[in-house]
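Written below as structure tokens is the structure these notes are about.
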Amino acid sequence: MRRVVIVVPSLFTLFNLFFGIWSMVLAARGEFFRAGWYIFFAGVLDALDGRVARLSRTGTRFGAELDSLVDIVSFGVAPAFLIYQLEFASASQAEWIFCYFYVMAVAIRLARFNVTQAGRAKRYFIGLPSPAAGMTLATFYPFTTTELYQQLFRFLPRHHLMQLLMIVLTILMVSNVRYATLPRVGIRTVKGLLGLATILFILLFGILEHNAFFFPLGIAYMAYGILRATLLGFLDESEDDDEADIAGPIVIGEGEGAGEAYGPPARGIAPRSGQG
């Protein structure tokens, strides 16, 4: 039974990968609406696998590494491929480079997360989380099908705005801009009640107006980090500044083992947060 319980969080992660691959298959067929929502479902599973691991106390180093590898596909390659098929495939031959830099930023973001924040209790994320970036891109096409978009945004230069969005997401993921984690829910404190109200608000509007709600929510989350960094400064919480540093150069000395080349033994990795 213990072995079965240990496997459960990784099953969530592998279904996350399944939805990411399925999204790319649908995008290749031109089914952009469904492709976007399958990336969104992958994000939901990514949020759940860490919570399942915490509840069952079955977090492992293997699970943490698997989660990051899967996230590169589901929130890096899949959204980039979707946007390429949707916006850039019919443009100039060089515009695929926007997708490359986006995927590159996701890979860097996840590698830095594993080095600096994985396994720690987090009050914030350093850099825009890759699931948030991927889900923002994924919900763009469903948003374009809404009456809100047709009334307010259809006259905007959509192609150039998508180029700008890819650039901004790329920069934010590798930046030191700090983003809040999901609020903790409770009924005994004001902070817990505010967290509960926030989650209920997202669930309510997400169910009732999902096509029109999630893309603006992603843009608002991006803007929150930029606004906070502008008002307070990038390094306003000096006690945790060391977490923002990317690991230094790897030097392999004579007779040094490969494991030792990556620095001191890794800290015990707690259950995954799924927000790399």
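A few notes on this one:
- Residue in region 112-131 that is within 24 Å of Leu196 (Cα to Cα) and open to solvent by 70 Å² or more (accessible area, probe 1.4 Å) present: yes
- Long-range neighbours under 6 Å by Cβ, at least six apart or interchain, first residue under 11 Å from Tyr124 (Cβ atoms) within region 166-182, second of a type outside the set (A, V, I, L, M, F, W, C) and open to solvent by 40 Å² or more (accessible area, probe 1.4 Å): Thr181/Lys122
- Selection over region 65-111 of residues that are under 19 Å from the mean Cα position of the chain (by Cα), open to solvent by 60 Å² or more (accessible area, probe 1.4 Å), of a type in the set (A, V, I, L, M, F, W, C) and closer than 27 Å to Thr145 by Cβ gives a count of 1.
- Of all residues in region 151-186, exactly one satisfies the criterion of being basic (Lys, Arg) and under 16 Å from the mean Cα position of the chain (by Cα), namely Arg178.
- Glu87 being in a helix (DSSP H, G or I), more than 19 Å from Phe19 (Cα to Cα) and among the charged types (D, E, K, R): yes
- Selection status of Thr170, at pLDDT below 85, of a type in the set (S, T, N, Q), within 19 Å of Phe75 (Cα to Cα) and open to solvent by less than 70 Å² (accessible area, probe 1.4 Å): no
- Condition check for Pro157: touching a Ser or Thr at 6+ places or on another chain (Cβ under 6 Å), open to solvent by 20 Å² or more (accessible area, probe 1.4 Å) and not basic (Lys, Arg): no
Let's see how each residue does on (1) open to solvent by 100 Å² or more (accessible area, probe 1.4 Å); (2) modelled with pLDDT of 85 or more; (3) touching a Lys or Arg at 6+ places or on another chain (Cβ under 9 Å):
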position	(1), (2), (3)
Gln163	no, yes, no
Lys191	yes, no, yes
Ile207	yes, yes, no
Tyr224	no, yes, no
Ala229	no, yes, yes
Asp241	no, no, no
Ala247	no, no, yes
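- Qualifying residue in region 215-230 (condition: more than 18 Å from the chain's Cα centre (by Cα) and of a type in the set (Val, Ile, Thr)): yes
For every residue, the table says whether it meets (1) modelled with pLDDT of 75 or more; (2) surrounded by fewer than 17 Cβ atoms within 10 Å (Cβ to Cβ); (3) farther than 18 Å from Phe214 by Cα; (4) polar (S, T, N, Q).
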| residue | (1), (2), (3), (4) |
| --- | --- |
| Val8 | no, yes, yes, no |
| Leu26 | yes, no, yes, no |
| Gly30 | yes, yes, yes, no |
| Ile39 | yes, no, no, no |
| Gly50 | no, no, yes, no |
| Ala53 | no, no, yes, no |
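- Identity of the residue in region 55-64, open to solvent by 40 Å² or more (accessible area, probe 1.4 Å) and either hydrophobic (A, V, I, L, M, F, W, C) or under 15 Å from the mean Cα position of the chain (by Cα) (or both), that ends up modelled with the highest pLDDT: Phe62
The values are calculated or read from the model by the stated rules, or taken from the named source; none is laboratory data. On a predicted model such as this, the values are computed, not experimentally measured, just so you know. Glycine also receives a Cβ, built like all others from the backbone with ideal geometry; neighbour counts cover every protein chain displayed. Areas reflect the complete protein model, heavy atoms only, side chains present, ligands, DNA and RNA absent. Shrake-Rupley method; radii C 1.70, N 1.55, O 1.52, S 1.80 Å.
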